[in-house]
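The values are calculated or read from the model by the stated rules, or taken from the named source; none is laboratory data. Small disclaimer: the values here were computed from a predicted structure and weren't measured. Here the Cβ positions follow ideal geometry from the backbone for every residue, glycine too, while neighbour counts run over all protein chains shown.
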Amino acid sequence: MYDWHTDEEVSWSDEKPEPAGSPRPRWLWLSIPLVLLIAGGLIYWQINRRVAATTARLQDDVLSSHQLVEQAVVKQDGELLTSLLSGREPAWTEAQQALLDADFWQTGSFLGWRVRPVVDEPVAITFDSEFREATVATAVKITLLGDETREMTLTREQFYRQGETRWLLAPPPEDYWGNSRLIQNQFFSLTAPARDADFGRALANSVERRLDRLCQEFVAMCGVSEGRLAIELSTDPQTLLAVSSRPVFLSGIEGVILLPAPSLIGLPPAGPEDPDLLSAYETYLMTAIVADWVDYDCCQHGLYFAAFNDLLLDGLGVPVLAANDLEFLLAAVADFAASAADPATLTVLAELYAEPWPSLRTDQWLVMTWALYWGQGSAPILPADLIDALLTLPQHNDFATWFSSLKDPLPLELDAADAEAGWPALAQDVAIFCQEPAPAVYLYSPISQQWQTLLAPPGQSAPGARLQPLPNQAGVYVSLPTVIDGDVDWLTLLWQGSTMPVRFDNTLMPAPLLYTGRSDTTGQRLLVYQRDPDSGNLDFAALDLAACTSENCALTPLAGIPVWSPDGTRTLVQQGAYLYAGDISGTPGERLYRGVFPFWLTADSYGFLRAVRFSDATGALVAEMGVLVSENGAEAEERLGSFDLIAHIPEAPADLRLKIERVEPHPYLEDLLLVVASDNEREHFYVVEVQGLAASAAPTIR
């Protein structure tokens with residue numbers, strides 16, 4: 001039965017509600033982001049610290065490789081440099097070796113500026129995001145040739161990639177240069193990498209203004225109608241060597257004028273529009289354009305073209321590199337009245353006028369050269385009395401000799417007493433080469449006063465013939481250029497009572513085979529060499545006089561450059577930067593030392609040159625060449641340094657630094673050496689006598 005009740009009848013228990021949990025403190029919620037921030041900061045700090053430590057360690061590794069590269073450059077150590085180069089791009093690697101061989105980064109010149117070695121630490125070392133490649137920024141100082149007070153400091157970038165054991169000097173990364181940019185104007189088109197595009201535009205604009213002015217002043221030579229020239233700012237490091245000397249003309253592949261992109265050597269702080277850097281490029285580029293416009297046929301009348309080009313550039317406000325030789329000669333005309341009695345001066349002026357005279361009818365730029373120098377309008381006009389004097393003088397073929405004698409006067413005339421006494425008759429015959437009216441070699445006997453024709457080669461004459469006496473005055477060695485069918489070939493002949501040709505495969509050769517003047521002690525094996533016209537390398541060979549026939553004197557190629565011992569039983573052979581012990585034939589055997597230019601003191605003692613120190617007292621980076629001597633098989637020791645020589649040079653400048661170039665034993669006096677040294681710029685050479693180099697005591701220097 002269902003028991004029904006009302007609500008009132010039911011007894012309900014009093015249920016107390018459970019109290020709600022107390023709310024969490026507000027500060028707890030706020031602390032969570034703070035904790036996360038601190039944790040993140042600690043992690044970021046740890047990562048940064050590890051990255052900084054890794055970066056510092058890698059910077060030290062890169063710096064170590066970079067310093068080794070600099071050491072290889074200073075020592076000109078090709079083997080060391082090769083071990084530090086990345087081999088990814090063979091052409092780039094070959095270019096680095098060429099720059100080292102030319103000593104470009106130590107003593108080279110660039111667009112009329114001389115490169116100075118800098119020993120400061122790198123400006124900066126940075127890495128890519130993966131720490132696989134590094135960029136080293138260094139300072140390169142260059143000073144203006146002829147004005148060492150003008151200096152530019154360039155920032156050069158070098159690149160390294162991580163190799164298996166060390167960081168290797170490498171080509172720039174793929175994105176370094178960027179895409180090429182084409183800049184065109186009415187005169188030329190210029191191609192530049194994106195990195196140097198701003199410089200290319202500044203250069204193109206400046207040169208265009210110069211050329212526009214040139215066309216206004218000299219309408220006849222303006223080359224606009226002949227089409228635009230093609231100019232390229234090249235990223236090939238080899239182009240640095242193409243602008244290492246005073247320009248006569250520039251040319252590239254297939255008519256393209258090549259200039260090195262400025263980033264190859266570095267950019268100045270002022271950026272791409274630096275006036276000094278811009279004017280250096282302008283001088284070279286304007287020279288190339290002027291040569292093209294006037295159809296200059298290199299290298300005929302080079303003296304005149306240099307003067308003509310300098311005159312034009314100077315008139316356009318483009319700096320020229322130095323005073324040219326033609327200007328020196330023509331300055332003599334201003335003092336003609338005072339110098340008219342000087343036959344040497346008149347002879348030179350006669351040559352100056354006569355040498356280009358046939359071309360004056362066809363080469364308009366030659367006419368302009370004379371017109372510009374004489375200031376007589378459009379024709380070369382000389383004072384009438386000067387012309388009369390010039391026409392009465394005999395013509396001389398050796399223009400360079402007379403020119404040199406005028407610049408640096410030599411005692412060309414005997415004084416009165418010697419002239420009256422006369423010359424004593426020579427006991428030997430004299431070989432003489434004559435170029436006109438036809439090339440020939442004559443033998444003259446001063447005693448009998450008889451002439452004999454030794455050689456009368458075929459073809460027309462060409463300058464550059466060389467005559468050298470054979471050892472023991474046994475005959476004559478002749479290298480003779482001849483022109484046959486328009487080509488210059490070299491004929492090499494020996495005369496020892498009869499004429500014998502010297503050849504490799506044929507009698508006529510594209511390059512001269514030259515005699516070094518060295519032979520073995522018997523005088524029968526001559527050391528000769530020939531420059532490969534394709535590679536430019538020097539190929540040395542031995543010529544055995546005893547094996548010569550009337551048809552041929554065969555040559556034996558040599559692997560190095562031998563120097564025979566006084567007793568003739570062995571040789572020292574220089575092969576690259578190393579010396580080897582060689583046999584009597586000049587075949588290298590055991591490697592002895594790293595060194596160059598070996599020489600013998602006695603049958604058991606020899607010396608050679610080697611870089612021994614790489615800084616001087618001022619801290620400047622200077623490769624000092626030392627003379628090392630090995631006696632009786634003992635270890636070679638340094639016996640003479642370049643600083644030893646400076647004290648014995650009269651009135652030597654305080655800042656003089658010398659580099660020993662070579663050492664030659666005196667041909668007749670035993671134990672006497674002739675040491676040839678030059679200053680760092682190779683502007684002055686010194687010959688110093690040294691005696692007692694093989695002794696334990698200090699040598700005598702004078």
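Quick rundown of the values:
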quantity: Residues of region 490-504 that turn out to be over 20 Å from Ala431 (Cβ atoms) and either modelled with pLDDT of 80 or more or among the β-branched types (Val, Ile, Thr) (or both), as a count; calculated: 0
quantity: Qualifying residue in region 184-192 (condition: among the polar types (S, T, N, Q), under 30 Å from Thr138 (Cα atoms) and modelled with pLDDT of 90 or more); calculated: yes
quantity: Extreme residue, farthest from Leu241 (Cα to Cα), among residues of region 521-563 that are in contact with a Ser or Thr (Cβ under 9 Å, 6 or more places away or on another chain) and β-branched (Val, Ile, Thr); calculated: Thr521
quantity: Complete set of residues in region 115-139 that are more than 15 Å from Gln158 (Cα to Cα) and either among the polar types (S, T, N, Q) or at pLDDT 80 or above (or both); calculated: Val115, Ser129, Glu130, Phe131
quantity: Tally, over region 505-541, of residues that are within 15 Å of Ala559 (Cβ to Cβ), modelled with pLDDT of 85 or more and either in a loop (DSSP other than H, G, I, E, B) or of a type in the set (Gly, Ala, Ser) (or both); calculated: 1
quantity: Any strands (runs of 3 or more DSSP E) falling wholly within region 123-204 and containing at least 1 residues that are among the hydroxyl-bearing types (Ser, Thr, Tyr), in contact with a helix residue (DSSP H, G or I) (Cβ under 6 Å, 6 or more places away or on another chain) and more than 22 Å from Pro268 (Cβ to Cβ); calculated: 147-162
quantity: Members of region 543-570 found to be in contact with a Gly (Cβ under 7 Å, 6 or more places away or on another chain), in a strand (DSSP E or B) and surrounded by fewer than 20 Cβ atoms within 10 Å (Cβ to Cβ), listed by number; calculated: none
quantity: Region 672-698: number of residues that are assigned to a loop (DSSP other than H, G, I, E, B) and modelled with pLDDT of 75 or more; calculated: 3
quantity: Residue ID - farthest from the chain's Cα centre (by Cα), chosen from residues in region 62-99 that are closer than 16 Å to Ala124 by Cα and exposed (fewer than 15 other Cβ atoms within 10 Å of the Cβ); calculated: Ser64
